[in-house]
Amino acid sequence: MLAGVVTRRTLTLALLVLAAVLVGAAVGLLSVTDRPSWAGLLGGLVGLLLGGGGVALALRSSKALTDGADAQRVAGLPLVAHVPPPAAGEDDRRRADEAFRMLRAALVPAPGAPAGTHLSVVVTSAAPGEGKTTVAAGLSRALSRAGRPVVAVEADLRRPALAAALGVPSPPARGLTAAIVGGVPVAELLVEVSPGLRLLPAGELPPNAPELLGSADAARVLAELDALGVDVVLDTAPLLPVADTRELLVHAPTHRVVLVARPGVADRGELRSAVDLLPGSERTILAVSGRSPAPRSYDRYLREGERA
Ligand SMILES: Nc1ncnc2c1ncn2[C@@H]1O[C@H](COP(=O)(O)OP(=O)(O)OP(=O)(O)O)[C@@H](O)[C@H]1O
Ligand SMILES: [Mg+2]
């Protein structure tokens, strides 16, 4: 328990703070014991400033997510994949492919599920910029590579970016919002990305995204997607700044949820709040994004696997 609160970094900073305060106080005392002097006062002041700065730094650091294990502990969810930064190099590409396969393996219906059981997944995060769209695109591709037909849905009506992430830089102007507001059949709005992988773009962005996503018409569109009988991956808005994804989740009681957390972007409190906002933790899994200190043996294993 204590280990969860006091990290090694916090401990180091606390020791630094203590050292700074002691040095400052010692300098101050040495000068003052003889007779009050500017040097003494200055020494004391520097010590206080260093100490105060250190305390602030230590407090900040104790709120920050440090790594995947930390995120898993804070969220209390199974951590199924660690997604490295996009296309930073050959090793990262290989690790990213494996991460999306891990995610797929954690989500696809268990053996024994009725034939034709398809998957519906909502990808979200606590804060903006944690890697949701990258994960939604990677998971959609991984499902399609496994021979599972997929519809990837650009359901983030604030910053839609899934089309671009899937290599569709100029998606049609009509999309999800036309299906919700205008009753256009989903099948007429789908864009083929690659064999077996189709995209439902966001379409025209509305001024009232939460109301739209929480409407009975949105529920009708989700049912229509479900009736396609294929895997559906929804890329959504972050949970904390806007209500959109919570509204959408009301109509998606059986959807699995992938919560993406990126240490350095969201802090512990934000991750905890996001988990509290999600309806049921039993259908939620955690994916951590960002650079991770992956054991070298993993890379060796992946390389040897490629040669085989
Ligand atoms: N696994 C990752 N590791 C490190 N950086 C990443 C990772 N995935 C994405 N990024 C970077 O983070 C930024 C945001 O990525 P992305 O668009 O996938 O996040 P998002 O959560 O969908 O953002 P938004 O909240 O704006 O929709 C991009 O610059 C992207 O290159
Ligand atoms: Mg996004």
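Looking at residue 232, is it part of a loop (DSSP other than H, G, I, E, B), under 24 Å from the mean Cα position of the chain (by Cα) and among the β-branched types (Val, Ile, Thr)? Even if it seems obvious, please write down each step before you answer.
Working: part of a loop (DSSP other than H, G, I, E, B): no; under 24 Å from the mean Cα position of the chain (by Cα): yes; among the β-branched types (Val, Ile, Thr): yes.
It is false that residue 232 is part of a loop (DSSP other than H, G, I, E, B), under 24 Å from the mean Cα position of the chain (by Cα) and among the β-branched types (Val, Ile, Thr).
Here's the yes/no breakdown for (1) out of contact with any Asp or Glu (no Cβ under 6 Å at 6 or more places or on another chain); (2) at pLDDT 95 or above:
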| residue | (1), (2) |
| --- | --- |
| 210 | no, yes |
| 217 | yes, yes |
| 230 | yes, yes |
| 245 | yes, yes |
| 265 | no, yes |
| 270 | yes, yes |
| 281 | yes, no |
| 286 | yes, yes |
| 297 | yes, no |
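Any chance segment 153-172 includes a residue that's crowded, with 24+ Cβ neighbours inside 10 Å, assigned to a strand (DSSP E or B) and in contact (Cβ under 8 Å) with a residue 24 or more places away in the chain? Talk me through it step by step, then tell me what you get.
The first filter runs over segment 153-172 and keeps only residues crowded, with 24+ Cβ neighbours inside 10 Å, leaving 153-157, 162-163, 166.
Retained after the next criterion (residues that are assigned to a strand (DSSP E or B)): 153-154.
Filter once more, so that each one left must be in contact (Cβ under 8 Å) with a residue 24 or more places away in the chain: 153-154.
Yes, some residue in segment 153-172 is crowded, with 24+ Cβ neighbours inside 10 Å, assigned to a strand (DSSP E or B) and in contact (Cβ under 8 Å) with a residue 24 or more places away in the chain.
The conditions are (1) within 16 Å of ligand 1 (Cβ to nearest atom); (2) within 29 Å of residue 270 (Cβ to Cβ); (3) of a type outside the set (Lys, Arg), and residue 218 fails exactly one of them. Which is it?
Unmet condition: (1).
Just checking, does segment 77-99 include any residue being in a helix (DSSP H, G or I) and under 26 Å from residue 242 (Cα atoms)? Working first, answer last.
Step one: list which residues in segment 77-99 are in a helix (DSSP H, G or I), which gives 90-99.
Adding the requirement that they be under 26 Å from residue 242 (Cα atoms) leaves none.
No, because not a single residue in segment 77-99 is in a helix (DSSP H, G or I) and under 26 Å from residue 242 (Cα atoms).
If you go through segment 177-212, how many residues are hydrophobic (A, V, I, L, M, F, W, C) and within 16 Å of ligand 1 (Cβ to nearest atom)?
Step one: of segment 177-212, the residues hydrophobic (A, V, I, L, M, F, W, C) are 178-181, 184, 186-187, 189-191, 193, 197, 199-200, 202, 205, 209, 212.
Cutting the leftovers down to within 16 Å of ligand 1 (Cβ to nearest atom) gives us 199, 202, 205, 209.
Within segment 177-212, residues that are hydrophobic (A, V, I, L, M, F, W, C) and within 16 Å of ligand 1 (Cβ to nearest atom) number 4.
Give the number of residues within segment 155-169 that are modelled with pLDDT of 95 or more and either more than 9 Å from ligand 2 (Cβ to nearest atom) or of a type in the set (A, V, I, L, M, F, W, C) (or both). Break it down stepwise before answering.
Residues of segment 155-169 modelled with pLDDT of 95 or more: 155-168.
Now drop any that are not either more than 9 Å from ligand 2 (Cβ to nearest atom) or of a type in the set (A, V, I, L, M, F, W, C) (or both), which leaves 155, 157, 161-168.
Of the residues in that region, 10 qualify.
Take the residues in segment 238-262 that are β-branched (Val, Ile, Thr) and more than 11 Å from ligand 1 (Cβ to nearest atom), then tell me which one is nearest to the chain's Cα centre (by Cα).
Pass one, segment 238-262, residues β-branched (Val, Ile, Thr): 242, 245, 250, 254, 257-258, 260.
With the extra rule that they be more than 11 Å from ligand 1 (Cβ to nearest atom), the set shrinks to 250, 254, 257-258.
Numbers: 250: 20, 254: 20, 257: 11, 258: 8 Å.
Per the criteria, the residue is 258.
Can you spot a residue in segment 126-149 that is modelled with pLDDT of 95 or more, in a strand (DSSP E or B) and more than 16 Å from ligand 2 (Cβ to nearest atom)?
no
Determine which member of the set 174, 101 is farther than 27 Å from residue 209 by Cβ, at pLDDT 95 or above and away from ligand 1 (no atom under 14 Å from the Cβ).
Details: 174 fails: farther than 27 Å from residue 209 by Cβ.
Among 174, 101, only 101 is farther than 27 Å from residue 209 by Cβ, at pLDDT 95 or above and away from ligand 1 (no atom under 14 Å from the Cβ).
Does any residue in segment 211-235 that is under 20 Å from residue 116 (Cα atoms) and among the β-branched types (Val, Ile, Thr) come within less than 9 Å, Cβ to Cβ, of a residue that is assigned to a helix (DSSP H, G or I) and within 16 Å of ligand 2 (Cβ to nearest atom) six or more places away or on a different chain, and which pairs are these?
233/136; 233/137; 233/139; 233/140; 233/162
The values are calculated or read from the model by the stated rules, or taken from the named source; none is laboratory data. As the structure is a computational prediction, the values presented were derived from the model and not from experiment. When we count neighbours, we look across all protein chains shown, and the Cβ atoms used for this are built from the backbone with ideal geometry, even at glycine.
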